[in-house]
Amino acid sequence: MDIKNKKRIAILGGGPSGLFVYKRLIESGTNDFEIDIFERKAELGSGMPYSSEGANDEHITNVSDNEVPNIVTPMSDWIHTAPVALLERFKIDPNKFNEYKVVPRLLFGQYLSAQFEILRKKASELGIITRTHFQSTVTDISYNLEDKTVTVEILNRDSEEFDFAIICTGHKWPIRHEGKIPGYYDAPYPPQKLVQKLNHAIAVKGSSLTAIDAIRTLARHNGSFEKGTDGNLSFQLLPESRAFKIMMHSRSGMLPAVRFHLEDSHLSNKSLLTHEEIENHRKNNNGFLSLDFIFEKDFKDIFRDRDPDFYQRIKDLSIEDFVAEMMELRENLDPFQLLKAEYVQAEKSIKRHESVYWKEMLAVLSFAMNHPAKYLSAEDMQRLQKVLMPLISIVIAFVPQKSCEELLALHQAGVLDLVPVGADSTVEPQNKGGILYNFTDSNNKSQSVYYKTFIDCVGQPHLSYNDFPFKSLLSQKAISPARLKFKSTQAGHEAFTQDQETIQKDAHGDYFMNVSGIAINDNFQIIDQYGAYNKNLYIMAVPYIGGLNPDYSGLDFCEAASLRIVEDILRD
């Protein structure tokens with residue numbers, strides 16, 4: 001093919017999202033395109049979570065090799081070719097490698113980088129030109145409506161024009177107070193900044209995997225873990241860190257659940273609703289996808305044959321009743337007692353290769369409803385956010401066993417505690433340093449506690465339309481805020497009277513709820529302010545599409561989204 005007729009495709013970001021898009025293109029069976037990859041760092045594949053920007057040596061993945069979507073070679077094969085120094089650093093013996101065990105995140109990042117390299121060689125053999133631009137920060141993107149081209153601006157370089165661009169810029173933690181308020185950290189990343197000795201109590205906001213990352217780093221530099229002859233882990237503080245203590249502040253008052261054996265390691269249950277079934281349902285429901293319908297078909301019904309006893313227990317429960325029942329045990333037990341019990345249950349699950357099936361199906365449900373969530377009514381999105389997602393976020397966090405052991409050892413040593421706080425809790429930065437944590441405690445008493453050090457660990461924030469970094473697309477009205485329509489005009493009107501910032505009324509008298517991020521269609525194409533989708537510009541950057549994709553599940557999300565995007569690009 002004449003090089004002039006080849007499509008020019010830009011992948012903006014060379015982390016895991018970019019890796020899956022690249023893989024799909026290379027394995028598409030055609031070579032009528034050339035690819036430019038722009039990566040801010042000096043390495044492809046690892047992105048933020050699996051590089052030094054998101055991990056230290058102590059941080060581990062919450063997925064094992066058998067749960068990683070197929071890239072080129074499985075990790076169990078790659079580990080035999082990995083650099084010896086890398087294996088020694090992480091004490092990995094390739095001959096004893098177990099595909100069911102989690103691995104250090106930095107090691108996994110090297111694996112992803114190696115996969116990228118294999119794909120680049122494969123591209124070269126297939127006659128596909130790949131230009132890789134390292135240390136290249138994308139500063140702006142604009143769209144030429146006449147030429148149907150995308151212009152990409154790169155820091156300290158000339159801008160370039162492409163036929164298609166896929167935004168794969170990955171995680172983003174906005175810096176709001178860090179650097180201005182001593183002792184205040186907007187996120188625990190990069191974790192190297194937490195490598196410090198602290199002789200006072202520390203406030204951690206959140207009890208997610210992000211919080212556990214911070215806790216594991218802080219603990220290592222203020223004490224040491226030791227395994228006793230009984231196999232149990234204990235923790236001892238350093239003399240200079242006698243007053244060191246970590247106070248986790250959790251809105252739910254709960255810790256996430258422990259990783260167990262997944263029967264279907266890729267959450268691709270064959271019993272799930274098909275695209276046609278969802279479309280048929282929407283046709284008969286004014287275009288909306290009912291959350292109750294998804295809950296019935298993609299969760300409850302799957303238990304009919306698989307676990308009839310559990311099905312009988314839940315078959316008549318609404319989402320609200322089901323969540324209340326599942327949360328009741330968690331609310332009534334001390335979180336660390338529950339963590340210990342779940343740790344024992346998870347150990348059995350992994351040793352016997354038996355799933356904790358209702359938890360697995362909750363992960364499947366979360367993944368299944370993520371993509372079609374843009375068709376929920378505003379009422380159902382509110383229910384999803386307030387009722388179902390709190391349970392899902394706790395149950396499918398999949399805390400690795402090693403992390404559990406350390407949390408329990410820290411709690412046993414009196415170094416780690418969990419403070420339940422209400423939804424009305426606030427963090428008040430203090431000009432001279434530190435924060436005041438204002439909250440209502442479990443006895444309904446108002447508290448205002450000073451902490452010299454504060455770390456916000458609530459995880460990746462869903463960023464707003466106004467946070468979108470590529471300002472030319474904003475000024476061109478090429479993107480629009482994500483929003484969902486109210487099914488009931490009355491419910492919309494009531495919501496509108498209480499909150500005119502989030503709820504809007506259009507010229508036709510319909511009510512809409514703004515959700516975070518920007519509007520996209522089923523193929524992850526951006527939608528402009530006139531309702532038209534852009535045929536040349538796609539986005540996989542999770543912070544900016546979280547409103548319409550409420551649970552983007554790591555590598556599984558990358559695999560599913562990349563398939564839709566590449567199929568769409570090559571359809572022409």
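The values are calculated or read from the model by the stated rules, or taken from the named source; none is laboratory data. The structure presented is a predicted model; accordingly, all values stated were derived computationally and were not measured. Note that each Cβ is placed from the backbone with ideal geometry, even for glycine, and that neighbours are counted across all protein chains shown.
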For the range 482-572, list the strands (runs of 3 or more DSSP E) that sit wholly inside it and hold at least 1 residues that are of a type in the set (Ser, Thr, Tyr) and either modelled with pLDDT of 95 or more or in contact with an Asp or Glu (Cβ under 8 Å, 6 or more places away or on another chain) (or both); which are they?
-> 511-518, 533-539
Where a residue in the range 435-448 is over 20 Å from residue 184 (Cα atoms) and its partner, wherever it lies, is charged (D, E, K, R) and at pLDDT below 90, with Cβ under 8 Å and at least six apart | 440/424
Using the structure shown, decide if residue 505 is basic (Lys, Arg) and in contact with a Phe, Trp or Tyr (Cβ under 6 Å, 6 or more places away or on another chain).
-> yes
Could you check, for the range 28-49, whether at least one of its residues is free of Cβ contacts under 8 Å to residues at least 12 places away in the same chain and either part of a helix (DSSP H, G or I) or not hydroxyl-bearing (Ser, Thr, Tyr) (or both)?
-> yes
Is it the case that the range 71-83 has a residue that's assigned to a loop (DSSP other than H, G, I, E, B), in the same structural domain as residue 153 (by TED's automatic domain parsing) and of a type in the set (Ser, Thr, Tyr)?
-> yes
Working carefully through the options 202, 166, find the one that is crowded, with 22+ Cβ neighbours inside 10 Å, touching a Lys or Arg at 6+ places or on another chain (Cβ under 8 Å), of a type outside the set (Gly, Ala, Ser) and in a strand (DSSP E or B).
-> 202
Single unsatisfied condition, residue 391 versus (1) touching a Leu at 6+ places or on another chain (Cβ under 6 Å); (2) under 30 Å from residue 492 (Cβ atoms); (3) not in a loop (DSSP other than H, G, I, E, B) = (1)
What are the residue pairs meeting all of these: first residue in the range 350-365, first residue farther than 16 Å from residue 390 by Cα, second residue part of a helix (DSSP H, G or I) and among the basic types (Lys, Arg), Cβ atoms under 8 Å, and 6 or more apart or on different chains?
-> 354/348; 357/306
Sole residue being in a loop (DSSP other than H, G, I, E, B), touching a residue at least 60 places away in the same chain (Cβ under 8 Å) and not basic (Lys, Arg), chosen from 18, 14 | 14
Quick check, is residue 55 hydrophobic (A, V, I, L, M, F, W, C) and in a loop (DSSP other than H, G, I, E, B)?
-> yes
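Residue-by-condition table, conditions (1) surrounded by fewer than 19 Cβ atoms within 10 Å (Cβ to Cβ); (2) under 22 Å from residue 167 (Cβ atoms); (3) touching a Phe, Trp or Tyr at 6+ places or on another chain (Cβ under 9 Å); (4) of a type outside the set (A, V, I, L, M, F, W, C):
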residue	(1), (2), (3), (4)
472	yes, yes, yes, yes
498	yes, no, no, yes
509	yes, no, no, yes
515	no, yes, no, no
526	no, yes, yes, no
531	yes, yes, no, yes
534	no, yes, yes, yes
Does residue 299 meet the test of being surrounded by 18 or more Cβ atoms within 10 Å (Cβ to Cβ), touching a residue at least 40 places away in the same chain (Cβ under 8 Å) and under 27 Å from the mean Cα position of the chain (by Cα)?
-> yes
Within the range 437-481, of all residues that are within 12 Å of residue 183 (Cα to Cα) and part of a strand (DSSP E or B), the one farthest from the chain's Cα centre (by Cα) is 450
Failed criterion for residue 120 (all others in (1) surrounded by 12 or more Cβ atoms within 10 Å (Cβ to Cβ); (2) in a loop (DSSP other than H, G, I, E, B); (3) assigned by TED's automatic domain parsing to the domain that holds residue 79; (4) not β-branched (Val, Ile, Thr) hold) | (2)
